[in-house]
1. Looking for something at pLDDT below 85, part of a helix (DSSP H, G or I) and polar (S, T, N, Q) - is there at least one such residue anywhere in region 9-30?
2. Just the residues that are in a loop (DSSP other than H, G, I, E, B) and farther than 13 Å from Val35 by Cα, please, taken from region 49-64.
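The values are calculated or read from the model by the stated rules, or taken from the named source; none is laboratory data. Everything numeric in this text was worked out from a predicted model, so none of it was measured.
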Amino acid sequence: MLAAQRAAEEEAKLAVANHQVAPRIHAPVQDSRKVDCNQLIDLPPSMEALQERNRCSMRDTRKSNADASAACSLMRGGRILSANERRGAAQAQRQAGRLGR
């Protein structure tokens with residue numbers, strides 16, 4: 001095994017020296033299938049592990065990486081609030097006696 005490992009390392013060094021493109025490695029998902037983010041990440045335990053008090057949401061970001069079987073972004077704070085919702089949240093904070101905290 002060590003001889004094969006050394007040979008592979010030498011091949012890799014030669015490929016880098018010759019500016020060859022690295023071979024594409026395929027993910028261990030059958031037939032290049034796409035996997036839904038909800039199957040990979042369970043949101044409530046993830047929020048608990050991050051000790052996140054505010055709501056989190058998950059977004060599928062496969063558009064930015066088309067070759068990926070799954071690409072997920074965990075967004076802290078949930079969804080983006082509209083202008084009316086932001087005003088309402090600011091009003092609620094003022095009424096609760098918290099200014100900007």
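1. Yes: region 9-30 contains one or more residues that are at pLDDT below 85, part of a helix (DSSP H, G or I) and polar (S, T, N, Q).
2. Listed by number, the residues that qualify are Leu50, Gln51, Glu52, Arg53, Asn54, Arg55.
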